[in-house]
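Enquirer: Before I ask anything, let me first share the structure, which is written out below as C-alpha cells.
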C-alpha cells in the first residue's frame with residue numbers, strides 16, 4: 001500500500017489558494033489591456049502566485065480558524081495583490097504558447113463557447 005493511500009490527505013488544504021483565485025479573478029475582470037485568458041495562461045498566473053505567497057495550510061476546523069486569522073492580516077492581503085498583479089504582467093508579456101495579433105480575444109471567445117456548451 002502506498003504512503004498516500006494510508007492517510008486521509010484530502011483534509012490538507014492550502015487556504016491561500018482560495019484567496020489567490022479570488023484576487024486573480026478580480027484583477028482579470030478589471031484588466032483593460034489585451035491579455036490571453038486561455039486556461040493555460042490563467043493556470044500559469046495562479047501557479048506563479050501560489051509559488052510566491054506564503055502558504056496557509058490547515059487540516060481541521062481549528063486550523064481553518066487560525067488560517068482565517070493569518071489571512072486577515074493587511075500585509076498578507078497586500079502580498080497576494082502584488083503577486084497577482086506581477087503574475088498577470090509576466091504571463092501577458094511571456095505566455096507559454098504562441099500568441100497571434102488578437103491577443104486574448106480569440107482565447108476569451110473559446111472560453112465563453114466552452115462555458116456555453
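Enquirer: Considering only segment 49-76, state which residues are closer than 15 Å to residue 14 by Cα and modelled with pLDDT of 80 or more.
Expert: 49, 50, 51, 52, 53, 54, 55, 56, 57, 58, 59, 76
Enquirer: Can you tell me which residue within segment 43-57, out of those that are touching a strand residue (DSSP E or B) at 6+ places or on another chain (Cβ under 7 Å) and part of a loop (DSSP other than H, G, I, E, B), is nearest to residue 89 (Cα to Cα)?
Expert: Per the stated criteria, the residue is 55.
Enquirer: If I ask for residues that are farther than 21 Å from residue 78 by Cα, in a helix (DSSP H, G or I) and without any contact (Cβ under 8 Å) to a residue 40 or more places away in the chain, which ones from segment 1-42 would you list?
Expert: 3, 4, 5, 6, 9, 10
The values are calculated or read from the model by the stated rules, or taken from the named source; none is laboratory data. Quick caveat, the model's predicted, so the values are computed rather than measured. Glycine also receives a Cβ, built like all others from the backbone with ideal geometry; neighbour counts cover every protein chain displayed.
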